[in-house]
Amino acid sequence: MTTRDVAAAAAERAQHVRQRADRPSQRRSAEPAGSRAVVRAVLGNPQLRAAAGDAGVLEFTGHASVTERGYEMWDWYGPYTEVISADAFTQTLGRSDLDVPLVLGHDQLRRIARTTNGTLDLSVDDTGLLVAARLDPADVDVAYIAPKLAAKLVDEMSFAFRIESGTWSPDWTQFRIDQVDIHRGDVAIVGYGANPATDASLRQARGSDRRARALLELAIAGG
């Protein structure tokens, strides 16, 4: 993305977008028109550790989104910078019926945790959208992803959401997302997604029993 590309896109946007509150048209994370609109975040230093009091359970933590930090996106007119406000998740996370799964690669059939069954907690901290999940290492998908996280072969997250409200900057080069809806979206462990900026860890519940160790070794070995 060059300064000229951004300026040209902003000029087109200024002429054709009616209001600054209008959402980006054909929002996507790469130049090709068919690209998906996803926001990614880099996982930090993945770890496998024991979770206190629940032997055999893996704990995953990380950020699926970073707030107040710009990343490149594209719309109908070209490239722009997108920023998610620090309080953009407040309303959606306050839902009593919040339904969000933790999945692999945005594949809804590869769910490894979910808010509705108590295995996934979502909150916001100073970095962004914090993901905390309790995983079953006997799950095939958990055993598949654990060694890749440990080896740093996979080190990014992403999340699927809808934009509820936002505003374009006066020069039309930046869109700030003021409110999102993540209900029935997802948080995902991905290869690559659109905002390279967060962290995560995978660890095992503390405990010294043989079954816990065997499950951890199975997860690390990939099954």
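Quick look at the numbers
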item: Packing rank of 166-179, 25-38, where each peptide gets the mean count of other beta carbons within 10 Å, highest leading; result: 166-179, 25-38
item: Rough spin-label spacing in nm, given labels placed 7 Å along Cα→Cβ, for Thr3 and Tyr144; result: 4.6 nm
item: Val124 long-range amide H proximity, modeled H, under 5 Å; result: Leu130
item: Derived scalar couplings ³J(HN,Hα) [segment 103-108; Karplus, 6.51 cos²θ - 1.76 cosθ + 1.60; whole Hz; x for Gly, Pro]; result: 10, 9, x, 6, 8, 5
item: Computed FRET value (nearest 0.05) for Leu98 with Ala30, which takes r as the C-beta separation and R₀ as 22 Å; result: 0.15
item: Cβ-based net charge around Asp181, under 13 Å, with every Lys or Arg adding one and every Asp or Glu removing one; result: -1
item: Fully extended contour minus Cα-Cα distance, from Leu109 to Gln19, at 0.36 nm per residue; result: 28.5 nm
item: Relative packing of peptides 60-67, 83-90 - highest average C-beta neighbours within 10 Å first; result: 60-67, 83-90
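Read the figures in this text as sums done on the coordinates, not as results from a lab. Keep in mind that what you see is a predicted model, and the values were worked out from it rather than measured. Don't worry about glycine lacking a Cβ; one is built from the backbone with ideal geometry, like all the others, and counts go over all protein chains shown.
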